[in-house]
Structures are given as C-alpha cells and as structure tokens.
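This report concerns only the one structure given below.
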Amino acid sequence: MPRLLPLTAAAAATALLAACGSSSGAGSGGEDGARLHIVTAFYPLEFATQQVVDGVSGVSVETLASPGVDAHDLELTPRQVGSLSTADLVVYSSGMQTAVDAAVADQAGDHSLDTSSVVDLVDRSGEESEGEHDEHDHEGDEHESDDHEGHDHGPLDPHFWLDPQRYAAATDAIAEDLAAADPDHAEAYLANAEAFTTELAELDTEFTETLASCEQDTLVTTHEAFGYLADRYGLHQIGITGISPDAEASPARMAEITREVADLKVPTIYAESSLGGDLAEVIADETGTEVLVLDPIESITGDSAGGDYLEVMRANLEALRQGQGCS
C-alpha cells in the first residue's frame, strides 16, 4: 500500500497544523483568515463550488490538484492533509483519487461531500473486452474496472462532469451542504446553484441540438474519459487506451482500433491536449483520418481551449461538430 506511507507522515503533521489552529465561529479560519474554507479535490469540483459561493464574502475555495498535474495521480502534502482536517467542507469524488479518498476517511469524514453519491455513476464492470487487451470493450462501450499504477476506479466511471445534467446534480448537492454549514448565506448559495445549473441546462441543449444529426456516431478517443458525454448525446465511444490516462495500448489493441476505424469509415480520432496525440497520430497515419482534440477537463492549463469549464466544453462541442460531421 505505497500511498499510505506519505499519508501516515502527513497525519502526524496534521496534529501540528491543528495545534496552530484558528478561531472558532462560522468557519475554521481557512486560507487567509477566511470565514469559511472549502477544499475541493480537483478542477470540476472547484469550478462548481466557485459558482455556488460567487459573491459571498469571506469564503475561500482551495483545490488539491494543481493545473496540469494528473488528478488521478495526486499525492497529498502534509499541508494539504491538514487543510482537509480544518476545512469546513471537503468536496471530492470517491474512486477518482486514491490518496484523497484515504485522507478524507482519516481527516474529514464528518465534514465532506462525496459527489459520486449524488450523480448516478455508471457501473462499467460488464463492458470489458474478453480479448488480449481486456481493459477495452470491443463493442465500443467505454469504461472498465482497471488498476494501473495505483489507479483503482473500480467499475464506476468517475468522469461525470462531462454530462451537464450530472454536473448540475453535483452542484445542487454542494449548494445544499454549504447552506447547511453556513445558514446565514443559504439563500445565496442556493440561488447561485440555480443560476449555474441553468447555464448547464443551456449547455446541454446546445450539445443535444448540435449532435442530433451527425454523419458518424462512433467516437474514437485516446483516453476513455468521454463515456457520459457519449451516453448523453447518442455517441458510441471506442477508446485506444482505458479509463486511466497513463494506461498503455498493446500492439494488438492498436491494430484492432485501426481495423475498426477503417471498417467503420471513422473520419476523426480525438487526442487530448494533456496527453499528446501520439497514439491518435499513429492510427491516423494508417487510416487517413483527421486528428482533433477533446479535453476531459480534469484541469485548466495554458493548453486548454478555454479559460473555464464552460468554454472548454463548447470547444469540445465544436470539435465534435466538425469531427462527427454534424449538420
């Protein structure tokens, strides 16, 4: 259990951080003396939380995963473990980050929100291929139970934020927990959540209308992160690698995908800005297909096609419109 060693050391540091302490009251003091301190596990949860607390004074929102760092691989520093202990609310999604799951259980069990419990995650355990590369469903349904280099998502696909409806459900849950933690500002949190979920409903409508009539419904992606998006909008995902971004495709899998792309006359393969396009380019060279970029929006970096979730989702939509031949 290699991840437990740094957490054990970090737990000792937590006692020291807590001893330094902060004043009691509506919040624990948090970062920069904030009245209410919220810790989020990675970018989509941070962005939703920021929308909910918008305009409410004295609230700080911290995220554990730095931009450009694979959220799945996050290792926590002693300071971060301490922040989980002293936060007023920790927002995370179990199964996404092993280190965060362990630290929340140890430090924040009574003041945390597990968004995976409210967004109806899909069990992909029955969708694996029985072939040589058993992480993949040869029929194209995308996610699997895998464990690569410490990633153990189990059978549940964690990438719920790529479905605006599920993302809205998570936002509502965040607002409800904050309203309970800070009742003096409950009305503001709930109103902000309603405003953001309205934006998400508009985004959902844009995707639904744009992808309603496409020449191609097969979605070939480098990383199998787009299952909820595919499910929501009637697409059929085939992943070159599995749900873990650092998974490797075997030569047999590469050959299989190349055959499927050729047989199905797929015009476009989607790479990711954070992973590079090497695998997609290899298959594109063999089949004459175009390579475009889809972003799973696990973080926002200088390579992202927008400055926030909404902008990158709309960039994804434009890539899909072009790549799938949608009228």
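The values are calculated or read from the model by the stated rules, or taken from the named source; none is laboratory data. Quick caveat: nothing in here was measured; it's all calculated off a predicted structure. Because the Cβ atoms are built from the backbone with ideal geometry, glycine has one as well, and the counts that use them run over all protein chains shown. Ligands, DNA and RNA are stripped out before the accessible areas are found, and what is left, the full protein with its side chains, is counted by its heavy atoms. Shrake-Rupley method; radii C 1.70, N 1.55, O 1.52, S 1.80 Å.
Evaluate the following for Glu144: is it part of a loop (DSSP other than H, G, I, E, B), open to solvent by 50 Å² or more (accessible area, probe 1.4 Å) and modelled with pLDDT under 95? For Glu144, the condition - part of a loop (DSSP other than H, G, I, E, B), open to solvent by 50 Å² or more (accessible area, probe 1.4 Å) and modelled with pLDDT under 95 - is not met. Tell me the residue from Ile283, Ile257 that is touching a strand residue (DSSP E or B) at 6+ places or on another chain (Cβ under 8 Å) and closer than 25 Å to Pro158 by Cα, please. The match here is Ile257.
Restricted to helices (runs of 4 or more DSSP H) entirely inside the stretch 42-118, those with at least 1 residues that are within 28 Å of Glu224 (Cα to Cα) are 43-53, 98-107.
Matching residues to (1) touching a helix residue (DSSP H, G or I) at 6+ places or on another chain (Cβ under 6 Å); (2) aromatic (Phe, Trp, Tyr); (3) open to solvent by 40 Å² or more (accessible area, probe 1.4 Å):
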{"position": "Ala48", "(1), (2), (3)": "yes, no, no"}
{"position": "Gln51", "(1), (2), (3)": "yes, no, yes"}
{"position": "Leu64", "(1), (2), (3)": "yes, no, no"}
{"position": "His72", "(1), (2), (3)": "no, no, no"}
{"position": "Leu76", "(1), (2), (3)": "yes, no, no"}
{"position": "Ser85", "(1), (2), (3)": "yes, no, no"}
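Kindly establish whether Val69 is modelled with pLDDT of 95 or more and either within 23 Å of the chain's Cα centre (by Cα) or under 30 Å from Leu200 (Cα atoms) (or both). Against the criterion (modelled with pLDDT of 95 or more and either within 23 Å of the chain's Cα centre (by Cα) or under 30 Å from Leu200 (Cα atoms) (or both)), Val69 does not qualify.
Here is a yes/no grid of residues against (1) of a type in the set (A, V, I, L, M); (2) at pLDDT below 95; (3) crowded, with 20+ Cβ neighbours inside 10 Å; (4) more than 23 Å from Val119 (Cβ to Cβ):
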{"site": "Tyr228", "(1), (2), (3), (4)": "no, no, yes, no"}
{"site": "Thr258", "(1), (2), (3), (4)": "no, yes, no, yes"}
{"site": "Gly277", "(1), (2), (3), (4)": "no, yes, no, yes"}
{"site": "Glu298", "(1), (2), (3), (4)": "no, yes, yes, no"}
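Among the residues of the stretch 172-222, just one is surrounded by 14 or more Cβ atoms within 10 Å (Cβ to Cβ), assigned to a loop (DSSP other than H, G, I, E, B) and out of contact with any strand residue (DSSP E or B) (no Cβ under 6 Å at 6 or more places or on another chain), namely Gln216.
Criterion applied to Glu194, Glu206 was being within 15 Å of Arg232 (Cβ to Cβ) and of a type outside the set (A, V, I, L, M, F, W, C), and the one residue passing it is Glu206.
For the residues Glu139, Glu128, the requirement of being modelled with pLDDT under 95 and in contact with a helix residue (DSSP H, G or I) (Cβ under 9 Å, 6 or more places away or on another chain) singles out Glu139.
In the stretch 203-216, the count of residues that are of a type outside the set (Gly, Ala, Ser) and over 17 Å from Glu318 (Cβ atoms) is zero.
Here is a yes/no grid of residues against (1) more than 26 Å from Ala65 (Cβ to Cβ); (2) at pLDDT 95 or above; (3) part of a helix (DSSP H, G or I):
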residue: Ala252; (1), (2), (3): yes, no, yes
residue: Ala262; (1), (2), (3): yes, no, yes
residue: Ala271; (1), (2), (3): no, no, no
residue: Ser274; (1), (2), (3): no, no, no
residue: Glu281; (1), (2), (3): yes, no, yes
residue: Ala284; (1), (2), (3): yes, no, yes
residue: Val312; (1), (2), (3): no, yes, yes
residue: Arg321; (1), (2), (3): yes, yes, yes
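Whenever a residue of the stretch 308-327 is β-branched (Val, Ile, Thr), its partners that are crowded, with 19+ Cβ neighbours inside 10 Å, lying with C-beta atoms within less than 9 angstrom and at least six residues away or across chains, give the pairs Val312/Asp295; Val312/Ile297; Val312/Ile300; Val312/Ser304.
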